[in-house]
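Chemist: What follows is a structure written as structure tokens; I'll ask about it next.
The values are calculated or read from the model by the stated rules, or taken from the named source; none is laboratory data. Values in this document were obtained by computation on a predicted structure and should not be read as measured data. Cβ: placed from backbone, ideal geometry, glycine included. Neighbour counts: every protein chain shown. With ligands, DNA and RNA removed, areas are computed over all heavy atoms of the protein, side chains included. Shrake-Rupley method; radii C 1.70, N 1.55, O 1.52, S 1.80 Å.
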Amino acid sequence: MSGAAILGIETSCDETAAAVVLEGTQVASSVVSSQVDLHARFGGVVPEVASRAHVDLLNPVVAEALLEAGYAGPDVTAVAATVGPGLVGALLVGVSAAKAFALAWAVPFVGVNHLEAHLYAAFLEEPDLSPPLVLLLVSGGHTLLVSMDDHLKYRLLGSTIDDAAGEAFDKVARFLGLPYPGGPAIDSLAVEGDPTAIAFPRAMRDEGYDFSFSGLKTSVVNYVRKHPDVSVADVAASFQEAVVDVLVTKARRAAREVGAQGLCLAGGVAANSSLRERILDACIADGLRAFLPSRSLCTDNAAMVAAAGHWRLESDGATPLECGAFPNLRLPVG
Ligand code: KG4
Ligand code: ZN
């Protein structure tokens with residue numbers, strides 16, 4: 001597929017994003033319009049507010065992405081959009097727009113799995129990145145440990161049995177009275193705290209590859225209720241330390257057991273400073289390559305959607321225009 005320029009569109013949650021990616025790896029433009037301010041006063045994403053904001057923002061965001069990349073709409077090779085998982089109303093805005101663009105410009109439409117898109121973020125910055133890899137996908141809705149044996153071929157090693165890692169960050173931050181979204185707030189407050197101050201539990205750390213974070217959240221709540229004068233920075237740092245310890249221990253063990261050459265982070269929580277530092281240290285110690293996409297590619301964006309769309313178009317061809325949105329879509333694992 002020479003000269004492929006894919007327009008990616010992402011509207012699965014609270015970021016309205018569009019990007020143009022060349023050859024599946026080169027980001028020609030990536031525009032993200034965050035709705036964080038709109039949802040902050042509610043302490044979380046309000047689905048109906050998100051859908052309406054996507055309707056208002058999508059056309060200008062797409063226009064900006066095309067302009068920045070120097071492409072006229074009909075000159076793109078294909079239009080890829082996230083079809084799931086996510087909020088159904090939000091997804092439908094991006095999917096409908098992408099299908100309309102594809103039809104108007106007579107180019108293929110490609111439906112993209114948001115989880116697969118997160119996994120492909122790392123390929124945008126590491127041209128020589130290739131499977132076999134172990135990927136740790138940690139976002140607001142998912143926590144997956146995946147072995148990527150070949151392009152688009154995954155084996156699920158483990159996932160969360162209750163809360164996702166990002167969800168735990170957001171819930172604990174909310175309990176501590178920190179601003180929304182909670183992950184970045186805990187990340188910056190933790191710098192001022194002592195990560196060894198409180199020994200929070202590390203559920204299932206040394207057994208299997210599944211995760212559990214809801215007990216940790218309860219344990220933070222109980223501790224703070226019992227010790228109302230505790231330093232909030234110490235709680236943030238100790239909580240973050242517990243999450244990172246479990247994630248890094250399991251990812252490292254998985255990489256060793258499957259004989260991966262590298263360990264790759266993906267998803268919004270992969271923007272966490274402590275997680276990035278500890279994965280890097282673990283990889284150096286174990287002789288593995290560490291792939292840490294830049295923070296803007298870890299959180300929701302459309303460049304990763306275009307990248308995954310590139311590989312999917314090559315392997316599966318165009319997605320039929322009858323395709324809808326799939327709020328509970330899973331990663332296609334073998
Ligand atoms: O991947 P993402 O942007 O959206 C989903 O697909 O869920 O991930 C959002 C999640 C939120 O839970 C947010 O609090 C978390 O990623 N997050 C972080 C950081 N930045 C974003 N968690 C910890 N540390 C961060 N620096
Ligand atoms: Zn995401």
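Chemist: Please go through segment 120-153 and pick out each residue that is of a type in the set (Gly, Ala, Ser), more than 9 Å from ligand 1 (Cβ to nearest atom) and in a loop (DSSP other than H, G, I, E, B).
Modeler: Once the filter is applied, which keeps residues that are of a type in the set (Gly, Ala, Ser), more than 9 Å from ligand 1 (Cβ to nearest atom) and in a loop (DSSP other than H, G, I, E, B), segment 120-153 yields only Ser130.
Chemist: In segment 182-201, how many residues are within 16 Å of ligand 2 (Cβ to nearest atom) and touching a residue at least 60 places away in the same chain (Cβ under 8 Å)?
Modeler: 2
Chemist: Go through segment 38-56 and give me each residue that's part of a helix (DSSP H, G or I) and either open to solvent by 40 Å² or more (accessible area, probe 1.4 Å) or farther than 10 Å from Val93 by Cβ (or both).
Modeler: Leu38, His39, Ala40, Pro47, Glu48, Val49, Arg52, Val55, Asp56 - these are the residues of segment 38-56 that are part of a helix (DSSP H, G or I) and either open to solvent by 40 Å² or more (accessible area, probe 1.4 Å) or farther than 10 Å from Val93 by Cβ (or both).
Chemist: So Leu280 passes all but one of these: (1) open to solvent by 20 Å² or more (accessible area, probe 1.4 Å); (2) farther than 15 Å from Tyr120 by Cβ; (3) within 12 Å of ligand 1 (Cβ to nearest atom). Which condition number does it fail?
Modeler: Only one criterion in (1) open to solvent by 20 Å² or more (accessible area, probe 1.4 Å); (2) farther than 15 Å from Tyr120 by Cβ; (3) within 12 Å of ligand 1 (Cβ to nearest atom) is unmet by Leu280, namely (3).
Chemist: Going by what's in this entry, would Leu292 be described as under 30 Å from Ala81 (Cβ atoms), more than 16 Å from ligand 2 (Cβ to nearest atom) and either β-branched (Val, Ile, Thr) or open to solvent by 20 Å² or more (accessible area, probe 1.4 Å) (or both)? Steps first, please.
Modeler: Working: under 30 Å from Ala81 (Cβ atoms): yes; more than 16 Å from ligand 2 (Cβ to nearest atom): yes; either β-branched (Val, Ile, Thr) or open to solvent by 20 Å² or more (accessible area, probe 1.4 Å) (or both): yes.
Considered against the rule, which asks whether it is under 30 Å from Ala81 (Cβ atoms), more than 16 Å from ligand 2 (Cβ to nearest atom) and either β-branched (Val, Ile, Thr) or open to solvent by 20 Å² or more (accessible area, probe 1.4 Å) (or both), Leu292 comes out as yes.
Chemist: Right, Ala173: open to solvent by less than 50 Å² (accessible area, probe 1.4 Å), within 16 Å of ligand 2 (Cβ to nearest atom), more than 21 Å from Pro293 (Cα to Cα) and modelled with pLDDT of 95 or more or not? Spell out the reasoning first.
Modeler: On the way: open to solvent by less than 50 Å² (accessible area, probe 1.4 Å): yes; within 16 Å of ligand 2 (Cβ to nearest atom): no; more than 21 Å from Pro293 (Cα to Cα): yes; modelled with pLDDT of 95 or more: yes.
Here the answer is no, as Ala173 does not meet what is asked.
Chemist: Quick one: in segment 92-101, which of the residues that are more than 16 Å from ligand 1 (Cβ to nearest atom) and open to solvent by less than 10 Å² (accessible area, probe 1.4 Å) is nearest to Asp170 (Cα to Cα)?
Modeler: Checked segment 92-101; the qualifying residue nearest to Asp170 (Cα to Cα) is Val95.
Chemist: Could you grab me the full set of residues in segment 142-156 that are open to solvent by 40 Å² or more (accessible area, probe 1.4 Å) and either touching a helix residue (DSSP H, G or I) at 6+ places or on another chain (Cβ under 7 Å) or within 14 Å of ligand 2 (Cβ to nearest atom) (or both)?
Modeler: Start the filter on segment 142-156 by keeping residues that are open to solvent by 40 Å² or more (accessible area, probe 1.4 Å), which leaves 142, 149-151, 153, 155-156.
Hits for segment 142-156 are His142, His151.
Chemist: Does segment 197-204 include one or more residues that are modelled with pLDDT of 95 or more, more than 19 Å from the chain's Cα centre (by Cα) and more than 30 Å from Leu288 (Cα to Cα)?
Modeler: yes
Chemist: For segment 218-264, which residues satisfy the criterion of being among the charged types (D, E, K, R) and not in a helix (DSSP H, G or I)?
Modeler: Scanning segment 218-264 gives a single hit, Asp229.
Chemist: Every residue in segment 20-37 that is more than 14 Å from ligand 2 (Cβ to nearest atom) and part of a strand (DSSP E or B), please.
Modeler: Residues satisfying the conditions are Val20, Val21, Leu22, Gln26, Val27, Ala28, Ser29, Ser30, Val31, Ser33.
Chemist: Can you name every residue in segment 95-123 that is at pLDDT below 95 and within 15 Å of ligand 2 (Cβ to nearest atom)?
Modeler: Scanning segment 95-123 gives a single hit, Ala122.
Chemist: Only one of these is within 16 Å of ligand 2 (Cβ to nearest atom) and surrounded by fewer than 20 Cβ atoms within 10 Å (Cβ to Cβ): Ser139, Ser130, Ser159. Name it.
Modeler: Step by step, each of Ser139, Ser130, Ser159 is checked, and only Ser159 is within 16 Å of ligand 2 (Cβ to nearest atom) and surrounded by fewer than 20 Cβ atoms within 10 Å (Cβ to Cβ).
Chemist: Any idea how many residues of segment 295-327 are assigned to a loop (DSSP other than H, G, I, E, B), small (Gly, Ala, Ser) and surrounded by fewer than 21 Cβ atoms within 10 Å (Cβ to Cβ)?
Modeler: Counting residues in segment 295-327 that are assigned to a loop (DSSP other than H, G, I, E, B), small (Gly, Ala, Ser) and surrounded by fewer than 21 Cβ atoms within 10 Å (Cβ to Cβ) gives 3.
Chemist: Please determine, by comparing only the residues of segment 102-119 that are within 13 Å of ligand 1 (Cβ to nearest atom) and assigned to a helix (DSSP H, G or I), which one is surrounded by the most Cβ atoms within 10 Å (Cβ to Cβ).
Modeler: His118
Chemist: Out of all the residues in segment 154-202, which are in contact with a strand residue (DSSP E or B) (Cβ under 9 Å, 6 or more places away or on another chain), outside any loop (DSSP other than H, G, I, E, B) and more than 9 Å from ligand 1 (Cβ to nearest atom)?
Modeler: Tyr154, Arg155, Leu156, Leu157, Gly158, Ser159, Thr160
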